[in-house]
1. Which residue out of 230, 292 is more than 28 Å from residue 100 (Cα to Cα), touching an Asp or Glu at 6+ places or on another chain (Cβ under 8 Å) and not β-branched (Val, Ile, Thr)?
2. With among the β-branched types (Val, Ile, Thr) and within 27 Å of the chain's Cα centre (by Cα) as the only criterion, which of 435, 485, 423, 441 stands out?
3. Among the residues of region 428-438, which ones are closer than 13 Å to residue 489 by Cβ and buried (at least 18 other Cβ atoms within 10 Å of the Cβ)?
4. Tell me which residues, restricted to region 367-408, are of a type outside the set (A, V, I, L, M, F, W, C) and more than 13 Å from the ligand (Cβ to nearest atom).
5. Restricted to region 287-315, and to residues that are part of a loop (DSSP other than H, G, I, E, B) and modelled with pLDDT under 95, which residue is nearest to residue 180 (Cα to Cα)?
6. With buried (at least 16 other Cβ atoms within 10 Å of the Cβ) and within 16 Å of the ligand (Cβ to nearest atom) as the only criterion, which of 144, 216, 177 stands out?
7. Against the conditions (1) within 16 Å of the ligand (Cβ to nearest atom); (2) of a type in the set (Gly, Ala, Ser); (3) part of a loop (DSSP other than H, G, I, E, B), where does residue 231 fall short? Just the number, please.
8. With region 360-453 as the region, which helices (runs of 4 or more DSSP H) entirely inside it contain at least 2 residues that are over 28 Å from residue 591 (Cα atoms)?
Amino acid sequence: MANKNNLLLLFEHPNEPVFLSKGKKPTVFDVPDSFLTDRYRPISNEVQTRAGENVEQRIPVREISVPDLRIPMSLGRNENFSLFIPRHRRIAGRLIDIFMNMRSVEDLQSVAVYARDRVNPVLFNYALSVALLHRPDTQNLDLPAFSQMFPERFVDSQVFRQLREESFVVSSGSRMPIVIPRDYTASDLDPEHRLWYFREDMGINLHHWHWHLVYPFEAADRSIVAKDRRGELFYYMHEQIIARYNMERFSNNLARVQPFNNLRDPITEGYFPKMDSLVASRAWPPRFDNTRLGDLNREADQINLEIGDLERWRDRILEAIHQKFVVNETGQRIELDEATGIDTLGNMIEASILSPNSSFYGDLHNNGHIFISYAHDINSKHLESFGVMGDSSTAMRDPVFYRWHAYIDRIFQEHKSRLSAYTEPQLNYSGISITGIQVATNGGQPNVLSTFWQQSDLNLSRGLDFVPRGNVFARFTHLQHLPFTYTINVQNDSGAMRFGYVRIFIAPKNDERGQPMQLREQRLMMVELDKFAAQLNPGPNTLRRRSTESSVTIPFERTFRNLDANRPADNTPEGLEFNFCGCGWPQNMLIPKGLPEGLPCDLFIMVSNYENDRIDQQLTGRCSDAASYCGVKDRLYPDRRSMGYPFDRVPRTGAERLANFLTPNMSIVDVTIRHENRTVQRQN
Ligand code: CUO
């Protein structure tokens, strides 16, 4: 019987031959000779004996007849793999299929060992990850953090030479962490560079990669894609990214991001990633300032598309929104109603295979990524691969990501702005009122939140190829805040015990000119901080909630989880606790940076009627603690309301300002976010 945990070892050292040692406790796979690649088969004895020296564990690999891998192998080992490219998607779909269809963990192990040295390493990682997340017999495995396997997608390429030197020269016990420069991708001449800590945050990029891993837009097995409200979640999670980004811009005296709404305009913002792709053994291509998109004709990638195609799809989508229905492939109308319209649009705009009519409405958002990521070499004249916008693990580093998604969000808002506003009776929860709100950090001033810089160490050893084994750490700088607690006073005059769904948002009070914002603008900057159910006894209630409990975040340790350390045994209560997906906004980025003098914000809390909002389902051990942005694995989205409620629609007449929007079950408080320019070391 094969141990499913051993499958995780196959993610390590992605560019090394599979028979080299892996794991904290040195382990080798005993690879059947017939599985070795041509280079090593004739010298199997020599290389496998050498690899087996000082090894503590050997894993037998059964020789089976391996399914046809010609399609997965048609992507070169040195090519850059991107899910945005349809050809790559089809290739990945085939490999996922192969992994999904293996009858046992043992057979899966055999085919994965066989495939590992033959298919593209990033493709291998993706396909095996999807299979492990969806196979019933491997579902509760925890995938290692992607940053540990492919660190070159997250840090400055200059760091790698130093990491190699440290690994090679210094013995494992006495190695020093290598410091990743704090901001290295541009100078202060570029105002956009002020946001480096957000765009290049490792946790944020990991979250985005993981989100798209859990919600792929295509798979041979439709059930992998057809998750509850996944189109709506595509809209909402990215809408929240834009809201958060704009709040960070206000924290750096920059105006809101300009949607990239004219595809013929030059892209003002250039981006030079300063990263190497170790798989492709090439630098990630940069984009110069003021680059324009161009019609794409890249034969090798089977991409032949015009900007005009994007424009046509966009116009058809907007027409559907204005007519309030889409037309499916058989010519039937599907209404874009209040309940499901946004989900249909999400699948159509992204586009996923759930799109009602992909030949007519096209593939707008994904192709935006493709056009932008190839803008530097539209016809493959220079034999260059795609830029960072072409991959979900790197796209958020580039300023243009936010311009493109701000535009995509504008299209969604075109639909949302056509729905009737929530009325006062709809918003109210009769008998329930909020009588007080306070947020406080430990020992700090009430209603003042505090951010600063922190340095943390990350073990990158398992992603480094061809270096001596043992831990080697990179030290990186990221934003952090003091943990805080909400204290909410709720009066229940209904005469009976009630349940409330507590919804907490934050938004800047003023616009970029320092003027108080209208709610129709401010609602687009409302950042969800938390959502939780609470029991309300008759009379006064005091609810306390810690910032670390947030329904949008996962703890720092989980974002960067190291599966060797602190891992509880399977099937223990702690083990169940540890069963989560890596999807979730990183806790260290829960609140924006703020300003040294303080960024004035409105903190908003609503208690809605949980009886109307609740979804009855079992959640234990289902990685549900970042449900607001990630949903719950294999379950329904745990809130019956539209995502972003009550700010997903334009406010009713008379509620021009947030203060006028409030019903008794809502309240606001002034909160200031102060940034201190100091750096602390994280205690391990
Ligand atoms: Cu997440 Cu465009 O969807 O990157």
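The values are calculated or read from the model by the stated rules, or taken from the named source; none is laboratory data. Model, not experiment: these values are computed from the prediction. FYI the Cβ positions are ideal-geometry reconstructions off the backbone, even for glycines, and counts take in every protein chain you see.
1. Details: 230 fails: more than 28 Å from residue 100 (Cα to Cα).
292 is the lone residue from the list that is more than 28 Å from residue 100 (Cα to Cα), touching an Asp or Glu at 6+ places or on another chain (Cβ under 8 Å) and not β-branched (Val, Ile, Thr).
2. Sole residue among the options that is among the β-branched types (Val, Ile, Thr) and within 27 Å of the chain's Cα centre (by Cα): 485.
3. Scanning region 428-438 gives 432, 433, 434, 437.
4. Passing the criteria: 374, 376, 377, 379, 380, 381, 382, 384, 385, 387, 399.
5. 301
6. 216
7. (3)
8. Those helices (runs of 4 or more DSSP H) span 364-373, 424-427.
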